[in-house]
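Scroll down for the structure; my scribbles are underneath it.
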Amino acid sequence: MQVTGMLYGAKMLRFVGFPTSEVLGPDASEDEIKALIDRHGEVFVKPVFKGGVGKKGKAGLLGRAKDLKTALKEKERLYFVEHRHGHQIAKANGVTFEGAVPADHEVYFSITDSTHFRAPTMTLTHHGGMDIEELDKDQVAQIPFDSLTGLKAFVVANALSALDAPKPIISPLVQHLPKLWELYHDFGMTTLELNPIRMHEDKRGRLSPVACDFKCGFDRDDPRWQRLNLPSHLFAVDYSDFEQEINQLRTYQGQSDVYVINSSGTILAPTFGGGANSLVTQMLGDEAIISSDFGGNPPYEKMKEVARICFKHWLHQTNVLFIIGGKSNNTDIFETLRAIADALREHFSQHGATPLYVVIGRGGPNLIRGMGAARDTFDALGLPYRIFGFDSDMSEVINYAKAVDAWMKETGRAQIAATLKIPG
Amino acid sequence: MYKRGVGEFKYYVGTSSLAQVATREDRVCVLNILGGESSEVTPVGHAYSGGNVVFGTSPGRRGQVLETPIGDIPVFNNVLEGLQAGHRFNCGVIYLPPAGARDGVAELIRVNPDLKKIYIVTEKLAVHDSREIRAMGQQNGIDIFGANSLGVADSWHQVRIGGALGGDNPAEALRKGSIAIFSNSGNFTTTIATYLRMAGWGTTTLISSGKDVYIHFAAPEFAFALANDARTKAAVLYVEPGGYYELDAEFTKPVVACVVGRWKNKLTRAVGHAGAMAGGADDAATKERWFMEKFAVDALFTPDRPVCSAQGAVVTNIAHIPLALAAVMRENATRPDFAPEGNLALKPWFGSSQGLRLPPPLDLPVVEAVAPYGEQIAALNKQIGATFPRQSLKDASGASQMDPRTQVTSLYGVSMLEAAQYPLEANVSLALLREQGGENDKKLIDVAIGAYVNLHGDPALAAAQAARDTGNAPNSVLAAAACIIGGVSRADPRRPCAAAARRAARPRRRIGPTARSGAGWAPGRHRSR
């Protein structure tokens, strides 16, 4: 849940009274753009991406214009531009026009929760406008502070003194930067970055900070972000229909995190527990359709609904239904396996049979009852299966599931289809 | 602002040895003790630990108790009431929902000056609340375990606090030994203990750290307490990407570190553990390197290439932990704690190929499960028929299904068109036992049905037989019996007018055996069984 850019960043910053550059959205009229250029002498044209997308400037995705014609040309170039950054590919949908802020000083500022200090931590430097990673450590101040008292003016003042920052920028930053703590802490953020903050000089020569770019991340487990009244589509950026449906079941009682690894995979592996999720997804690689964590003792109804959604989206292409986890502590195995088995039976009842091999590896409370319920269902549906206890090497169970998948791809699927009297 | 604790930490740490993490002297107060999870988990832990929970809270439920195998645990509206009733405790356990966990921590700290440790089981805690919890613990000198933790356990002290480590039978996983476990995954804490036990290693202290952004009791504190615990010879760490906790840990005893999660680099958001978001300089590959540098090894440990030193080994698969530990401990001239209790070979407890010819490597034979699971499976197999749950909705059990293409219904995979050709006994057997049965079964079913409906001497039977003897069609035979039984009552359309039939039959019954003259006879009773 990330927001980048000034289109929404400026609204959030205004909420706490932090000055921002003047921004027009994608629907700005030519008159408005021209007036903006007239006021500021120059505008930056930036593509609007949903979610967190970095390194846009380096990728040449930043347009500059001193006249309307150039601005519109840049708008056309950037409106639907594609941007690849690491493993992410993002497509723009719109541009912003941001009034240029002439300044002699650029400042970098961020707040995040540091696992090194185990506290909210401010990162600050007056060598802003560039990647923070590229600066020497002595040019950057990283200061943890007390979350119960918040980011106080003296924390900022001490940091700027330690950095030997130019005197004219200290007072305005000390006045304005602490406001950002309210935005960060009270609205469920986990990271907030302003880079650059340009120190604008007014007619009387006084400096004031103006945020010229914005980046923040929200905590998906914290509803405080809803207080900002941001449009919900901002965060629906990378969710498939399947993920959307599963996420609706996400509550604190029992996790239901999923991620589609490979939409043409052949092993459907609902996994239980974050640890199993990490191990299984790593070992299955691209054969896995989804990466998931359904641990945390989900109740029967929720588990059945999760399984129903998984089957609805993926069972038709699945060779191996692979139900895997370690030795659970409090997840009731009877409830989870019974729920999955019942969902599978209902799916077969509603949509017809599909060739499938089932592999289970699990331990925990009510284990044998759960395995018995699964066995009865697979027998009733005529599906081949192997069910392993917790005394089998989990990684070998994963390898077994992969071997079954390979066999299914060769002849197994057709063989099972023949016994089920359905097309292969 | 933090209280001064043990060691040279720049933050408060109160636990100087792993032996202090969970002791027999610890007394526990559980917040939201009657919640769904706690009410199942707390009684098991309480009994295993010799009765360490002094009371619990649940607003509005003062006076209730939580039953456990060794006695009831009293419940109060809040912590203050429990203290006023004379109970004393030094450990708080948070089973509250995420929105209430921070307030629970505040309540424990504010009203109980004896408090030393808090264990937070709650998952999906907002980072906002975690950072405030951290600050409260630091200011007041409280060690906090979690959040999103499954608590801690100690195999020497036979104590578990704040969670479900070891599941519903802690002794099954927790055998006294010389290895400490610190794991980002609660499930894997128990799974690793089980794997170690099979290889001959027992445990000392087990900590499920949780894997939120804030891990309050983290790897550096664990390493410090490990060094000061005379019982522990080595440790196993299970680590996921995200966070710099492990970088700062200084180990003085041998360690096997299992780092899992390289694939998470592909993700754009966290799946599973909230803090396990990779990317940046704290991803899995980087963490592997941190540990390799600590252990002075140049590669990961695998069964094919067992690279390790006396300081430790790094694995990326939890199943390789026992092997790596044995290798590291050999370097330290240390033997396992006891003889291995088993092995990790593939052992299917249930299996069926449904008549398919599988390739030999896949066609694994079912083996008998370890005790007590083998006996449980044997008991399960003694049950006749399937154990499908009863469902209130029609067809919800899935026993009967309709083929969406042909619209023909089937029962346990047998089409009704096919079933119509079987005798009655075969279909009864199919419905009850999920198979049609052989000749013997049919005869047994005949006797069983005859005994159940007990029509001997019944006029309906006599009428049906008379109709059959005179060569009538089956429908006429049934109609003859129906005439005797009578029509449908207006008062209860489901029940035939049995009274009229009985009146008609009464004179005849006198000439039959005495079966219907007993005290158990009541109008309509045999019909409603």
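The values are calculated or read from the model by the stated rules, or taken from the named source; none is laboratory data. The structure presented is a predicted model; accordingly, all values stated were derived computationally and were not measured. Neighbour counts run over all protein chains shown; Cβ positions are idealised from the backbone, glycine included.
Going through the range A:92-117 one residue at a time, which ones are within 14 Å of another protein chain (Cβ to nearest Cβ) and either of a type in the set (A, V, I, L, M, F, W, C) or touching a residue at least 24 places away in the same chain (Cβ under 8 Å) (or both)?
Once the filter is applied, which keeps residues that are within 14 Å of another protein chain (Cβ to nearest Cβ) and either of a type in the set (A, V, I, L, M, F, W, C) or touching a residue at least 24 places away in the same chain (Cβ under 8 Å) (or both), the range A:92-117 yields A:Ser110, A:Ile111, A:Thr112, A:Asp113, A:Ser114, A:Phe117.
Of (1) over 27 Å from B:Glu341 (Cβ atoms); (2) touching a residue at least 40 places away in the same chain (Cβ under 8 Å); (3) touching a strand residue (DSSP E or B) at 6+ places or on another chain (Cβ under 8 Å); (4) within 7 Å of chain B (Cβ to nearest Cβ), A:Gly352 satisfies all except one. Which?
If we test A:Gly352 against (1) over 27 Å from B:Glu341 (Cβ atoms); (2) touching a residue at least 40 places away in the same chain (Cβ under 8 Å); (3) touching a strand residue (DSSP E or B) at 6+ places or on another chain (Cβ under 8 Å); (4) within 7 Å of chain B (Cβ to nearest Cβ), just (3) comes out false.
Between residues in the range B:453-472 that are on the phi < 0 side of the Ramachandran plot and without any contact (Cβ under 8 Å) to a residue 40 or more places away in the chain and residues that are surrounded by fewer than 18 Cβ atoms within 10 Å (Cβ to Cβ) and in a loop (DSSP other than H, G, I, E, B), which pairs lie under 6 Å by C-beta distance while being six or more apart or on different chains?
As it stands, the answer is B:Leu461/B:Leu455, since those pairs meet every condition given.
To keep it simple, each residue is scored yes or no on (1) small (Gly, Ala, Ser); (2) assigned to a helix (DSSP H, G or I); (3) touching a residue at least 60 places away in the same chain (Cβ under 8 Å).
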| position | (1), (2), (3) |
| --- | --- |
| A:Asn158 | no, yes, no |
| A:Val174 | no, yes, no |
| A:Gly205 | yes, no, no |
| A:Gly217 | yes, no, yes |
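Looking at B:Asn169 and the list (1) surrounded by 23 or more Cβ atoms within 10 Å (Cβ to Cβ); (2) farther than 17 Å from B:Leu31 by Cβ, which single condition is not satisfied?
(1) is the only condition that B:Asn169 fails.
Has the range B:357-369 got any residue that is within 14 Å of chain A (Cβ to nearest Cβ), basic (Lys, Arg) and assigned to a helix (DSSP H, G or I)?
No: zero hits.
Could you pull out the residue among B:Glu246, B:Glu240, B:Glu221 that is within 8 Å of chain A (Cβ to nearest Cβ) and in contact (Cβ under 8 Å) with a residue 40 or more places away in the chain?
Within the list B:Glu246, B:Glu240, B:Glu221, the selection yields B:Glu240.
Quick check on my filter: what residues within the range A:176-203 are over 24 Å from the mean Cα position of the chain (by Cα) and part of a strand (DSSP E or B)?
A:Ile197, A:Arg198, A:Met199, A:His200, A:Glu201, listed by residue number.
For the range B:67-91, enumerate the residues that are assigned to a loop (DSSP other than H, G, I, E, B) and of a type in the set (S, T, N, Q).
Within the range B:67-91, B:Thr68, B:Asn77, B:Asn78, B:Asn90 qualify.
Which condition from (1) buried (at least 24 other Cβ atoms within 10 Å of the Cβ); (2) more than 7 Å from chain B (Cβ to nearest Cβ); (3) among the β-branched types (Val, Ile, Thr) is the one that A:Thr411 breaks?
(1)
With (1) within 22 Å of the chain's Cα centre (by Cα); (2) within 12 Å of another protein chain (Cβ to nearest Cβ); (3) at pLDDT below 95 as the list, and B:Gly146 as the residue in question, which single condition is left unmet?
Here B:Gly146 meets the rest and fails (2).
Only one of these is more than 16 Å from B:Phe350 (Cβ to Cβ), within 10 Å of chain B (Cβ to nearest Cβ), in contact with a helix residue (DSSP H, G or I) (Cβ under 9 Å, 6 or more places away or on another chain) and in a helix (DSSP H, G or I): A:Glu396, A:Glu335. Name it.
Step by step, each of A:Glu396, A:Glu335 is checked, and only A:Glu396 is more than 16 Å from B:Phe350 (Cβ to Cβ), within 10 Å of chain B (Cβ to nearest Cβ), in contact with a helix residue (DSSP H, G or I) (Cβ under 9 Å, 6 or more places away or on another chain) and in a helix (DSSP H, G or I).
Could you tell me which numbered condition B:Val13 fails, if it satisfies all but one of (1) within 30 Å of A:Leu148 (Cβ to Cβ); (2) within 24 Å of the chain's Cα centre (by Cα)?
Failed condition: (2).
Among all residue pairs at least 6 apart or on different chains, which show Cβ distances below 8 Å where the first residue, located in the range B:128-141, is more than 8 Å from every other protein chain (Cβ to nearest Cβ) and free of Cβ contacts under 8 Å to residues at least 24 places away in the same chain and the second is crowded, with 19+ Cβ neighbours inside 10 Å and charged (D, E, K, R)?
none
Working only within the range B:98-125, note down all residues that are within 26 Å of the chain's Cα centre (by Cα) and either polar (S, T, N, Q) or crowded, with 19+ Cβ neighbours inside 10 Å (or both).
Passing the criteria: B:Pro98, B:Ala101, B:Ile118, B:Tyr119, B:Ile120, B:Val121, B:Thr122, B:Glu123, B:Lys124, B:Leu125.
Return the pair list, or none, for Cβ contacts closer than 9 Å from residues in the range A:232-247 that are closer than 13 Å to A:Val306 by Cβ to residues that are at pLDDT below 70 and assigned to a loop (DSSP other than H, G, I, E, B), at least 6 apart or on different chains.
Pairs that qualify, where the first residue is closer than 13 Å to A:Val306 by Cβ and the partner is at pLDDT below 70 and assigned to a loop (DSSP other than H, G, I, E, B), are A:Ile246/A:Ser256; A:Asn247/A:Tyr239; A:Asn247/A:Ser256.
Can you find even one residue in the range B:187-200 that is in contact with a Gly (Cβ under 7 Å, 6 or more places away or on another chain), part of a loop (DSSP other than H, G, I, E, B), under 28 Å from A:Asp221 (Cα atoms) and within 8 Å of another protein chain (Cβ to nearest Cβ)?
no
Taking A:Leu381 and the conditions (1) free of Cβ contacts under 8 Å to residues at least 60 places away in the same chain; (2) facing chain B (nearest Cβ under 8 Å); (3) over 23 Å from B:Ala399 (Cα atoms), which numbered condition does it fall short on, given that it satisfies the others?
Against the list (1) free of Cβ contacts under 8 Å to residues at least 60 places away in the same chain; (2) facing chain B (nearest Cβ under 8 Å); (3) over 23 Å from B:Ala399 (Cα atoms), A:Leu381 comes up short only on (3).
Testing B:Val328 on (1) surrounded by fewer than 17 Cβ atoms within 10 Å (Cβ to Cβ); (2) more than 8 Å from chain A (Cβ to nearest Cβ), one condition comes back false. Which one is that?
Of (1) surrounded by fewer than 17 Cβ atoms within 10 Å (Cβ to Cβ); (2) more than 8 Å from chain A (Cβ to nearest Cβ), only one is false for B:Val328: (1).
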